[in-house]
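Engineer: Starting off with a structure, shown below.
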2 protein chains.
Amino acid sequence: MQDSKQMVTLKNIADIAGVSIKTVSRVVNNDGEVSEDTRRRIQRIIDDLGYYPNTIARNLVNGRSNTVGLVIQHSANYIFSHPFFNEVMRGIAETLSEHNINLLIHLANKDMPYSHLYYQRLVDGLIFMSIPVNDPNLPELSENNFPSIFTCRIAEENNPTCWVDSDFIDGMEQAIDHLYSLNHRRMALLAGPENLISVRLRVKGYKKALTEKGIPVDESLIYYMDFSSDAGRNLALQLMKSPNPPTAILCGDDMIAIGAVQGLSEAGWQVPQDVSVIGFDDIELARFSTPPLTSVRQDAFLKGQIAAKTLYRMITKEIDEKPFQQILPTRLIIRGSTAVSPR
Amino acid sequence: MQDSKQMVTLKNIADIAGVSIKTVSRVVNNDGEVSEDTRRRIQRIIDDLGYYPNTIARNLVNGRSNTVGLVIQHSANYIFSHPFFNEVMRGIAETLSEHNINLLIHLANKDMPYSHLYYQRLVDGLIFMSIPVNDPNLPELSENNFPSIFTCRIAEENNPTCWVDSDFIDGMEQAIDHLYSLNHRRMALLAGPENLISVRLRVKGYKKALTEKGIPVDESLIYYMDFSSDAGRNLALQLMKSPNPPTAILCGDDMIAIGAVQGLSEAGWQVPQDVSVIGFDDIELARFSTPPLTSVRQDAFLKGQIAAKTLYRMITKEIDEKPFQQILPTRLIIRGSTAVSPR
DNA sequence: CTGAAAGCGCTAACAT
DNA sequence: ATGTTAGCGCTTTCAG
């Protein structure tokens, strides 16, 4: 920085133009009346010298940073590796970019907890992507009335945070409706990590749909596990080796489903002839797996978009109704991994 | 912001403690001698009031922002959707986080060209992820001696920019060695977009390896195209329908390869019995496609790490040898999409 | 229409 | 060991 071309300041321009700083400021910001003559003259000097306002100085005065922070749990490397979250990020990045708001990525860690981002006035608002339930920093946020929004619910019931999230319950019901219409009656669920609200909601939807159809819930068919293909593979095989195997396996995400399909195929089961498998998210990979995966689609990009747009409006005070909470529809995409029940 | 708890400043602390601003500053920054007594007293007030230094003000004085910008071509949505680039981003984000440097994502667009980021002193350095050759803003960077680095080469031959990139030539040679040892003699190349240096290097490696093996280069076997599965599917089929089809198809990335495999399978060709297919990048999807894809692995995470680490050192003046240029090794991962040539 | 002065919160000399 | 002063580059009253 120190080495690069010396910064041009308002004062430089003012001196050369023989006017006051304020007049230059007026033409830069297109604010206040300036005679057409001086405006043109000053604009020329600005162009010649390649003047750009120093945003840092501006921010200091305005008390705003024009930046939004995206907080990601450091431990959650998988966010960057997971196509679903990448789509959310893209939605956020593109939306903010349209408003000329900067996006600051912050991997939460001990040294530098995310609360510093706003105490230090580095950001005007925060988007949270993967924060554990009961994060100790969370209460401060609402107390301080700091603009912030989550791309996932952090509690099952009422709480004052703002969030956008998908309709997991309905998604699960759609999946089960589909399987039911294919005569499946014994359906297992490889749900995902138990400590995620979204996983609990999937389970809730699963139970609700079964109950509505008069199918008793068999807890031994519900498994909690990582969102990983390995876990999917192992548990799918375990299920099929049990005395009374299911005819269909619902999965909490597509990675689990793909692992399950692969494991089953290798062990000699045919998908979907012997077992049907349904994924969740509908990531790109779903289309390309063999057979193409039936999956419940979440609109990840939209989720990011809405989070960013809402936060923007909170920052600019367009809306104030805390808590803003929105549920996005999910939709079953039927492909080749589901078929009529073999039994 | 305006609504949130009023900011606590150095002056507030100083007033309460009955000392000067500078003394408070000393204890905050752990710099200069302060009597143990006053230090403790001041620290208490700091803790009680929840004081945090205003980074913006600090940055204004220091002329540094503690932030690095990551510039992404706006048109290149596919960067966010492409698992390969996401890994690069993760490498960057984690490395900067370790140094407590902020990462600012910037989607380049007309309204706000990336050059503003440094003219406005918003960032201390820039990482470029996907910038077209001949970008008009590029020359300014080197002229101004602004710390910056690319995660890809932007010119085939000598130029003064800093970059980290993979060894595409060697990767291609490994792929061809492998195919050659399986008796393939007629190998096509679905290269990728012609305007990318990395694609040109792949072609170069392809030609070099063939030539070294005494196989004449047949230009009609080289295709340029998008990095997309659809393009892969279409061109693979076109190749196989030609009078003298290849026995193997090399692909510029895994998406092309996966599209090719899928298209071929649907048209009744067996991979690898009838045709071998090799991808490039070795994204996660490669392992999960059917058959598992043989692919040339690039270490995306490492690429991001090195870019970030190097930029950090440039910013802190640890290194000055411009241009820093590093080539990362690639490695062929052999899986099930390659086999002995049918002819 | 234009300008002077004050101050955003902090750091860096240079006192004391 | 502590305080004073002068900015960083900009915006914002308030005056001309």
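Engineer: Residues B:Asn109, B:Asn137, B:Asn86, B:Asn102: which one is surrounded by fewer than 16 Cβ atoms within 10 Å (Cβ to Cβ) and touching a His at 6+ places or on another chain (Cβ under 9 Å)? Don't jump to the end; show me each part of the working.
Structural biologist: On the way: B:Asn137 fails: touching a His at 6+ places or on another chain (Cβ under 9 Å); B:Asn86 fails: surrounded by fewer than 16 Cβ atoms within 10 Å (Cβ to Cβ); B:Asn102 fails: surrounded by fewer than 16 Cβ atoms within 10 Å (Cβ to Cβ).
Checking each option against the conditions leaves just B:Asn109.
Engineer: Cβ-Cβ below 8 Å, separation at least six or inter-chain, first residue in the stretch A:23-35 and within 14 Å of chain B (Cβ to nearest Cβ), second near DNA strand D (Cβ under 8 Å from one of its atoms) and assigned to a helix (DSSP H, G or I): which pairs?
Structural biologist: Listed by first residue and then by second, the contacts come to A:Val28/A:Leu10.
Engineer: Out of A:Gly268, A:Gly263, A:Gly252, report the one residue that is under 18 Å from A:Gly205 (Cα atoms) and outside the structural domain of A:Asn144 (by TED's automatic domain parsing). Explain how you work it out, then say what you get.
Structural biologist: Numbers: A:Gly268 fails: under 18 Å from A:Gly205 (Cα atoms); A:Gly263 fails: under 18 Å from A:Gly205 (Cα atoms).
Of A:Gly268, A:Gly263, A:Gly252, the one residue that is under 18 Å from A:Gly205 (Cα atoms) and outside the structural domain of A:Asn144 (by TED's automatic domain parsing) is A:Gly252.
Engineer: Filtering the stretch B:260-272 down to residues that are buried (at least 24 other Cβ atoms within 10 Å of the Cβ) and outside any loop (DSSP other than H, G, I, E, B), which residue is nearest to the other protein chains (Cβ to nearest Cβ)?
Structural biologist: B:Val261
Engineer: Hey, A:Glu284 hits all of (1) surrounded by fewer than 21 Cβ atoms within 10 Å (Cβ to Cβ); (2) at pLDDT below 95; (3) touching a Gly at 6+ places or on another chain (Cβ under 7 Å) but one; which does it fall short on?
Structural biologist: Evaluating A:Glu284 over (1) surrounded by fewer than 21 Cβ atoms within 10 Å (Cβ to Cβ); (2) at pLDDT below 95; (3) touching a Gly at 6+ places or on another chain (Cβ under 7 Å) leaves (3) as the failure.
Engineer: Does A:Ile249 satisfy the criteria of being assigned to a helix (DSSP H, G or I), in contact with a helix residue (DSSP H, G or I) (Cβ under 7 Å, 6 or more places away or on another chain) and not basic (Lys, Arg)? Walk me through it before giving the result.
Structural biologist: Values: assigned to a helix (DSSP H, G or I): no; in contact with a helix residue (DSSP H, G or I) (Cβ under 7 Å, 6 or more places away or on another chain): yes; not basic (Lys, Arg): yes.
In short, no.
Engineer: Name the residue that is nearest to DNA strand C (Cβ to nearest atom), counting only residues in the stretch B:5-63 that are small (Gly, Ala, Ser), over 42 Å from the mean Cα position of the chain (by Cα) and crowded, with 16+ Cβ neighbours inside 10 Å.
Structural biologist: Among them, the one singled out is B:Ala14.
Engineer: Right, another one. Please specify each residue of the stretch A:201-227 satisfying the condition of being part of a helix (DSSP H, G or I) and either buried (at least 20 other Cβ atoms within 10 Å of the Cβ) or of a type in the set (S, T, N, Q) (or both). Before the answer, list the steps.
Structural biologist: At the first step, the residues of the stretch A:201-227 found to be part of a helix (DSSP H, G or I) are A:201-212, A:219-221.
Answer for the stretch A:201-227, where residues must be part of a helix (DSSP H, G or I) and either buried (at least 20 other Cβ atoms within 10 Å of the Cβ) or of a type in the set (S, T, N, Q) (or both): A:Leu201, A:Arg202, A:Val203, A:Gly205, A:Tyr206, A:Ala209, A:Leu210, A:Thr211, A:Ser220, A:Leu221.
Engineer: Taking the stated definitions as given, is A:Arg26 more than 9 Å from DNA strand D (Cβ to nearest atom), modelled with pLDDT of 85 or more and basic (Lys, Arg)?
Structural biologist: When the stated conditions are applied, A:Arg26 does not pass them.
Engineer: Can you tell me which residues in the stretch B:55-73 are more than 7 Å from chain A (Cβ to nearest Cβ) and in contact (Cβ under 8 Å) with a residue 24 or more places away in the chain?
Structural biologist: First pass over the stretch B:55-73, keeping only residues more than 7 Å from chain A (Cβ to nearest Cβ): B:58, B:61-62, B:66-73.
Result: B:Asn66, B:Thr67, B:Val68, B:Gly69, B:Leu70, B:Val71, B:Ile72, B:Gln73.
Engineer: Next up: Looking at the stretch A:151-176, which of its residues are in contact (Cβ under 8 Å) with a residue 40 or more places away in the chain and within 30 Å of A:Ser341 (Cα to Cα)?
Structural biologist: First, pick out the residues of the stretch A:151-176 that are in contact (Cβ under 8 Å) with a residue 40 or more places away in the chain: A:151-156, A:159-168, A:170-172, A:174-176.
Of everything in the stretch A:151-176, those that are in contact (Cβ under 8 Å) with a residue 40 or more places away in the chain and within 30 Å of A:Ser341 (Cα to Cα) turn out to be A:Ser166, A:Asp167, A:Phe168, A:Asp170, A:Gly171, A:Met172, A:Gln174, A:Ala175, A:Ile176.
Engineer: Here's something else I'd like to know. Which one of B:Gly259, B:Gly304, B:Gly279, B:Gly232 is closer than 22 Å to B:Ile127 by Cβ, of a type in the set (Gly, Ala, Ser) and within 25 Å of the chain's Cα centre (by Cα)?
Structural biologist: B:Gly304
The values are calculated or read from the model by the stated rules, or taken from the named source; none is laboratory data. Just so it is clear, the structure is predicted and the values come from calculations on it, not from any experiment. FYI the Cβ positions are ideal-geometry reconstructions off the backbone, even for glycines, and counts take in every protein chain you see.
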